[in-house]
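Student: Structure incoming, see below.
The values are calculated or read from the model by the stated rules, or taken from the named source; none is laboratory data. What you see is a predicted model; the values in this text were computed from it and never measured. Here the Cβ is made from the backbone with ideal geometry for all residues, glycine too, and neighbour counts use every protein chain on show.
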Amino acid sequence: MLTARGWWFLALSAAVLVAGVLELGRYTPVVPVLGLMLTGWVLSEWFLFAYRTHHAADRLRLDRVLVQGGRVVPAAWVGVPVTVRATVTNTGTGRLPFALLIDRLPADAVPTAGATSREASLEPGDSARVEYTLRPDAPGELRFEGLTVHVADLAGLFYRRVFLRVPAEYLVLPPLAQHDARRRTVKRFNALPPPGIHRLRKPGSGDELLDLRDYAPGDPPKMIAWKASARRGTLITRVIESDVPVRCVVFVDASDAARLGPPGRSAVVRFAGVAAAVVQAAAGNRDLVGLTVVTDAAMQVTPPARTKVHVLKLLHALTAAAAGLPAPLEADAEVTARHALPLAQELYPDRLDEAVNSLPFGLFWMPVTDSRWFVVIVALLLAPLLFLNKNVLEFAAEVARTFAYPGKSWMVFAGLAVAPAVLIGSIWVLHGVRGFLKPRMGRTARRKQLATLFAALDRAGPATVERYLHDDAEFTRRAGDFLHAHRVRLPADLYAADGTSRYRNPARLVTLANAVTKTLSHARDNELYVVLVDLTDLAADLEPLLKAVRAARARHHTVLVLLPWPADVPWADWTPARGKVKLAALVREVLDARTRQNFDLARRLLTKAGATVLRLDAADSVRLVLARLDQVRAAGVRR
Amino acid sequence: MTFPKLEPVQPARPAKPPAAVPVGVGEGPRDYLFIGVAAVLVIGLVLLARSGGNPFVLMAVVPALAALLVRATILPGAFVVVLVYLAIYPAGRPVGLPLPAIVSQAHFRIVDLVFVAAVGIYFVAYFRLTSLKYRILAATATLPAVAGSPDSPAAPVARQGAAVAGDEYARAFAQVLGLTFAAALAWQVTNVVAVEPLRVPPFRLEVTGNDGTSRFLIVAGALAFGALVFGSLVGYWSASKMRPAVARQFLLDLGWAESRRELNRREKWRAWGRGQLTREPFRVPFRAILRILAFCGMVLLAMFVGGVLLQQVVKRV
């Protein structure tokens, strides 16, 4: 397309050409030749630019890699700088004298070094590289959509934007075992079994003495406690404890409610961080560790194991859980379109071009047959039939005699006959033209362009385009999915009119309780269950979870529940404000008080059911979990 | 559980910029500045020769030189307007003078060619210099350094696009010279070919010269015909080179455009049917009717009571 500079220069050249050819050429040939030369120069530049964009800009290839420590890696780690290297190669036969390459950063990523853009001149076969460094702060996902290439001619008369759409997703794994998750060096229990072993107070074949009993025929002689037998004068047999591995299962709530919050600071991200530390620490102690990720309606179970591959698998599962965004809420179709179109224009400029995504005139015309005015039109069409009635005809004649000049009454009759047609035409035009006025025209254009894009992406037919144009619910759902897939959050009201969260879903506690129960059914001995769950707004619906906790406790398992605390809610107790109170502050205090109330209720109920409840934002959450793991290993026996 | 120890991250090796020099001071901008000034000098000399040595005409080159040095969009336009003026009135003083004589249509001199080519080269140098000094695209605009501002770069370095290819000058000169000769040739053609729309064929040779309307028709027709042919070729070529995904969307859009009236009708029927399903059955609004009746009754009662009272008052009076 022509730039502003190109437009004014083309207008100037054309003006000189027209003036020279029409009139000034009579006096001097310089003016028309100058006009011809300048216009020809613009046209030749245009031709060259068109050739280059088709033979080079459309044939650019993008290769992207993440580099860490000088080698290409498939994923990044939290807190470890990673270099993003995007290489653009001109695989066409044309030459791009000027190209501005701008890499599109993942959502909320900020480069710590390097630049995300550069200018380059790309000959056929040439490559240009954009390189910068990111330092992810939270586990999740880095989604790179692609790279924008701005192409221009050297004079700056023409311009085109191309987006090299090569989506790439890289997981940001939780940090590797840090100081709080490393193996403890402080000896808290006197008789800790070796790593990976858990004392179970049942007879078995371990090392520790459990009990002494009278000798029974058939007992192996090596189990006879000779000293005790000598003291009592009868044979006494030693009973040895059972040694079993510690099994720890982590339950992570990855429901939509837990995914709410600022990017990188949602509850599920914090869950993933703590769970990753627990997993690595447990694996470091050769304990068996499993993971169950629970969403609103489903669960993903990874049975306990202790291998390195298993730990990496768990880290990937945690990262995938942390990377999820909450499902889009129902929103107004126009609001959704206003958010989706800029994204579509950025990522799919070629699909929104009017050559392949047309906006015909008839699209904006509003047919009167769809409106209530159609009844009026039908009535006007039928109006001449009234003249078939004798009384109406006489009345019309009387009117004509009254208002018309003598001998001109036919004009009134003609007017009465033509008036319905004129009215129909006026209504038809005025109603139809409304579609070309703001804001309706923009709304229709946005909707049509997105509808065609969505239908093309889904490989659907023309009927889908029309469906998206007319069905608000369908369009909103698809546009929400589009934004969700590209990790763009649609602003929506999170709270319903009664103050409850629109993501409130008591059914997810049923899913979580089912997950715990399912794990119980496979449990072998005393295990540790670490439940990381967000119970905001669900304190009154805890019964399914309480039942599962009671069942776990009844089987001598240990249940540890970690509840997140909202970052923007102070932990201190509420004190009523004095003096003038603003309404917003009052609402905020009420919401905070409700959060505290819910938290206290959940903690009380869970504690009563036998679980240990901790606040997740405590600095030593991981240490507390590991200490509890040690208690389980020692089977509660202190020596 | 031990993980492979990651090596310390090496800082990314920055790509070596082709020209790490301040914006607008590099080799490329300087060369184009000299080329532009040289073109202006040639233009000035030609104007001086055409005016018979009148130094006043040199004022025309002031906006051209200023445009090379400072950034003002209006200056090149003003330069062209002044050039056109001086081309008609070489002496530069039209007041009191008759209109210039009509020259022979075939009249063309080498100096005129040099003049046109110099203007073309000036504009090539001007636009390239603008691109190098300021910007090609809005996204590449270079902000001036502000002392003390933390966001301002201490020394703005040249963009990588500021590198000027070695054959760039030769290409630009060849392009301008070729276009100048082509324009001169086209002008000669327009002068000897007259258009007569009512004849078959609608052209004839006119060796004695042509009128402006005929010339305009030839130029406009050539441009329109060229645009038609060129547009058709480019359109066909673009369609043949279209990527599969875009081509699929093109066909989808075409299919929608052809069937949208029928589909539109179908969607409206669907919406109507859905509305029928979700619409609640009609109920007689008994409460509303009762309220209206009660209101009317109260009004009637009030009127009745008021009338009776008014009657009593009137009787007493």
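Student: Report whether or not B:Ala38 is more than 12 Å from every other protein chain (Cβ to nearest Cβ), modelled with pLDDT under 80 and out of contact with any His (no Cβ under 8 Å at 6 or more places or on another chain).
Tutor: Values: more than 12 Å from every other protein chain (Cβ to nearest Cβ): yes; modelled with pLDDT under 80: no; out of contact with any His (no Cβ under 8 Å at 6 or more places or on another chain): yes.
No, not satisfied.
Student: Filter region A:450-472 down to the residues that are more than 7 Å from chain B (Cβ to nearest Cβ), of a type in the set (A, V, I, L, M), in contact (Cβ under 8 Å) with a residue 12 or more places away in the chain and over 17 Å from A:Gln345 (Cβ atoms) and list them by number.
Tutor: Selection gives A:Leu469 alone.
Student: Report yes if B:Val305 is away from every other protein chain (no Cβ under 12 Å), surrounded by fewer than 13 Cβ atoms within 10 Å (Cβ to Cβ), outside any loop (DSSP other than H, G, I, E, B) and of a type in the set (Val, Ile, Thr), otherwise no.
Tutor: yes
Student: Follow-up question, since we're still on this one. In region B:168-192, which residue that is more than 11 Å from every other protein chain (Cβ to nearest Cβ) and of a type outside the set (Gly, Ala, Ser) is farthest from the chain's Cα centre (by Cα)?
Tutor: Checking each candidate, the answer is B:Val192.
Student: Kindly state which helices (runs of 4 or more DSSP H) lie completely within region A:430-548 and contain at least 3 residues that are more than 25 Å from B:Arg270 (Cβ to Cβ).
Tutor: Where helices (runs of 4 or more DSSP H) fall fully within region A:430-548 and carry at least 3 residues being more than 25 Å from B:Arg270 (Cβ to Cβ), they are A:472-485, A:507-522.
Student: For region A:35-47, give me each residue that is facing another protein chain (nearest Cβ under 9 Å) and touching a residue at least 24 places away in the same chain (Cβ under 8 Å).
Tutor: Pass one, region A:35-47, residues facing another protein chain (nearest Cβ under 9 Å): A:35-41, A:43-45, A:47.
Of everything in region A:35-47, those that are facing another protein chain (nearest Cβ under 9 Å) and touching a residue at least 24 places away in the same chain (Cβ under 8 Å) turn out to be A:Leu38, A:Thr39, A:Trp41, A:Glu45.
Residues checked against (1) among the polar types (S, T, N, Q); (2) assigned to a helix (DSSP H, G or I); (3) in contact with a strand residue (DSSP E or B) (Cβ under 6 Å, 6 or more places away or on another chain):
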site: A:Arg270; (1), (2), (3): no, yes, no
site: A:Ala275; (1), (2), (3): no, yes, yes
site: A:Val301; (1), (2), (3): no, no, yes
site: A:His310; (1), (2), (3): no, yes, no
site: A:Leu315; (1), (2), (3): no, yes, yes
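Student: Testing B:Thr278 on (1) polar (S, T, N, Q); (2) more than 9 Å from chain A (Cβ to nearest Cβ); (3) surrounded by 13 or more Cβ atoms within 10 Å (Cβ to Cβ), one condition comes back false. Which one is that?
Tutor: Going through (1) polar (S, T, N, Q); (2) more than 9 Å from chain A (Cβ to nearest Cβ); (3) surrounded by 13 or more Cβ atoms within 10 Å (Cβ to Cβ) one by one, B:Thr278 breaks only (3).
Student: Out of B:Ile218, B:Ile289, which single residue is more than 14 Å from chain A (Cβ to nearest Cβ), part of a helix (DSSP H, G or I) and over 30 Å from A:Leu469 (Cα atoms)?
Tutor: B:Ile289 is the lone residue from the list that is more than 14 Å from chain A (Cβ to nearest Cβ), part of a helix (DSSP H, G or I) and over 30 Å from A:Leu469 (Cα atoms).
Student: Condition test on B:Ala141, is it surrounded by 15 or more Cβ atoms within 10 Å (Cβ to Cβ), modelled with pLDDT under 75 and outside the structural domain of B:Ala125 (by TED's automatic domain parsing)?
Tutor: Here the answer is no, as B:Ala141 does not meet what is asked.
Student: Do the conditions hold for B:Leu252, that is, is it under 32 Å from the mean Cα position of the chain (by Cα), part of a helix (DSSP H, G or I), outside the structural domain of B:Val193 (by TED's automatic domain parsing) and not acidic (Asp, Glu)?
Tutor: yes
Student: Moving on. Just to be sure, is B:Val195 at the interface with chain A (Cβ under 8 Å from one of its Cβ atoms), farther than 16 Å from A:Thr39 by Cα and either out of contact with any Leu (no Cβ under 7 Å at 6 or more places or on another chain) or among the β-branched types (Val, Ile, Thr) (or both)?
Tutor: In short, no.
Student: Could you tell me how many of the residues in region A:355-365 are modelled with pLDDT of 90 or more and in a loop (DSSP other than H, G, I, E, B)?
Tutor: The qualifying residues number 6.
Student: A further question follows. Looking at region A:274-286, is at least one residue among the hydrophobic types (A, V, I, L, M, F, W, C) and at pLDDT 90 or above? Step through it out loud before you land on a result.
Tutor: As a first pass, look at region A:274-286 and keep what is among the hydrophobic types (A, V, I, L, M, F, W, C): A:274-279, A:281-283.
If we keep only those that are at pLDDT 90 or above too, we end up with none.
No, region A:274-286 contains no residue that is among the hydrophobic types (A, V, I, L, M, F, W, C) and at pLDDT 90 or above.
Student: What's the number of the condition B:Gln105 fails, among (1) within 10 Å of chain A (Cβ to nearest Cβ); (2) at pLDDT below 65; (3) more than 30 Å from B:Arg215 (Cα to Cα); (4) out of contact with any strand residue (DSSP E or B) (no Cβ under 7 Å at 6 or more places or on another chain)?
Tutor: Against the list (1) within 10 Å of chain A (Cβ to nearest Cβ); (2) at pLDDT below 65; (3) more than 30 Å from B:Arg215 (Cα to Cα); (4) out of contact with any strand residue (DSSP E or B) (no Cβ under 7 Å at 6 or more places or on another chain), B:Gln105 comes up short only on (3).
Student: Sticking with this structure for a sec: Name the pairs: first residue in region A:509-522 and assigned by TED's automatic domain parsing to the domain that holds A:Gly290 and surrounded by 22 or more Cβ atoms within 10 Å (Cβ to Cβ), second residue part of a helix (DSSP H, G or I) and at pLDDT below 90, Cβ to Cβ under 9 Å, at least 6 apart or on different chains?
Tutor: What qualifies is A:Leu509/A:Asp541.
Student: Condition (residue is surrounded by fewer than 20 Cβ atoms within 10 Å (Cβ to Cβ) and either under 19 Å from A:Val622 (Cβ atoms) or in contact with a Cys (Cβ under 8 Å, 6 or more places away or on another chain) (or both)) applied to region A:316-326: is it met by at least one residue?
Tutor: No, region A:316-326 contains no residue that is surrounded by fewer than 20 Cβ atoms within 10 Å (Cβ to Cβ) and either under 19 Å from A:Val622 (Cβ atoms) or in contact with a Cys (Cβ under 8 Å, 6 or more places away or on another chain) (or both).
Student: Still on this structure: If I filter region B:225-242 for residues that are among the β-branched types (Val, Ile, Thr), within 28 Å of B:Phe123 (Cβ to Cβ), surrounded by 12 or more Cβ atoms within 10 Å (Cβ to Cβ) and facing chain A (nearest Cβ under 8 Å), do I get at least one hit? Give the steps one after another, and end with the answer.
Tutor: Narrowing region B:225-242 to residues among the β-branched types (Val, Ile, Thr): B:229, B:234.
Restricting the remaining residues to those that are within 28 Å of B:Phe123 (Cβ to Cβ) gives B:229, B:234.
Subset that is surrounded by 12 or more Cβ atoms within 10 Å (Cβ to Cβ): B:234.
Filter again for facing chain A (nearest Cβ under 8 Å), leaving B:234.
Checked against the condition, which is being among the β-branched types (Val, Ile, Thr), within 28 Å of B:Phe123 (Cβ to Cβ), surrounded by 12 or more Cβ atoms within 10 Å (Cβ to Cβ) and facing chain A (nearest Cβ under 8 Å), region B:225-242 yields at least one hit.
Student: Here are some residues: A:Thr83, A:Thr133, A:Thr93. Which one is among the hydroxyl-bearing types (Ser, Thr, Tyr), more than 26 Å from the chain's Cα centre (by Cα) and outside the structural domain of A:His316 (by TED's automatic domain parsing)?
Tutor: Values: A:Thr83 fails: more than 26 Å from the chain's Cα centre (by Cα); A:Thr133 fails: more than 26 Å from the chain's Cα centre (by Cα).
Unique residue meeting the criteria: A:Thr93.
Student: Scan A:Ala331, A:Ala379 and give me the residue that is more than 12 Å from chain B (Cβ to nearest Cβ) and loosely packed, with under 13 Cβ neighbours inside 10 Å.
Tutor: Unique residue meeting the criteria: A:Ala379.
Student: Kindly establish whether B:Gly221 is at pLDDT below 90 and not assigned by TED's automatic domain parsing to the domain that holds B:Glu196.
Tutor: Spelling it out, it is not the case that B:Gly221 is at pLDDT below 90 and not assigned by TED's automatic domain parsing to the domain that holds B:Glu196.
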